[in-house]
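In what follows, a structure is listed as structure tokens, so that the remarks can point back to it.
Values quoted throughout were computed directly from the atomic coordinates according to the rules given, and no laboratory measurement underlies them. Everything numeric in this text was worked out from a predicted model, so none of it was measured. With ideal geometry, Cβ positions are generated from the backbone for all residues, glycine too; neighbour counts draw on all protein chains shown.
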Amino acid sequence: MHEKQKVLVRSRKKGLSRYFFIKRTMDICISIILLFLLSPLLAFISYQIVKKEGRPILSRKSCVGKNGRGFQMLYFRTMTNPSRVIHAFPEAKTKTIPIHYYQQSISIVTPTGRWLKKYNLDKLPQLWNVLKGEMSFVGPLAKESDKNNLANSSRLSMRPGLTGLNLIEEIEKHSQAYGEEERFYCKYCSFKLDIKIAWKSVKKTLTN
């Protein structure tokens, strides 16, 4: 490697260290502010879920984060709770349980869940993931824990984001372009790119 290239590599590493430090500081500050400002909305949504669909209020998904560490990504629950639905039925008089009894155990989107998903409000609890340092506002999208995701070292070098390039460009999850966009972000991440992604995400949410 030529001396000029070494200087560029060192400069890039130094710039990334500063970028990640400032980004984490901003994540903490913004998540605290949003959790405070949105606390009435969070309380209202929680109340509606308990009132109309019962507990639990939150759903959790096991995902892989920075450096391959697992974490529980939080959502407001938008699906029915099968065990709750089953227990709502009276006990069968015979040992043979009707087929329709089993059909009720299939999870479906709840009435509250429909409007939560429509306005992306089901993801609000992930502000807590951001505050804890498990996620960032912008980054490669979080994936469920499996061996394939652990093998992708580039995306494990940073925290997964609430939004990212793949989300704003609506790229299919298992397509080749999806992985290419992830690698592009990991290689060229910057404040300018983050602001662009964040702005497009807000614009897309408001438009929808």
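Could you work out the local net charge near residue 133, counting Lys and Arg as +1, Asp and Glu as -1, over the other residues with Cβ closer than 11 Å to its Cβ? Combined, the nearby Lys, Arg, Asp and Glu give +3.
Close amide-amide hydrogen proximity is noted between residue 58 and 77, each under 5 Å apart and 5 or more residues distant or on a separate chain (H modeled in the peptide plane; Pro and chain starts excluded).
Note on residue 206 and residue 117: the extension gain reaches 30.7 nm, defined as 0.36 nm multiplied by sequence separation minus the Cα-Cα distance. A simple spin-label model places the labels of residue 196 and residue 30 1.6 nm from each other, with each point 7 Å out along Cα-to-Cβ. When the listed pairs 52/200; 143/196; 23/117; 52/204; 66/187; 52/203 are checked against a 26 Å cut-off, the alpha-carbon distance exceeds it for 52/200; 23/117; 52/204; 52/203.
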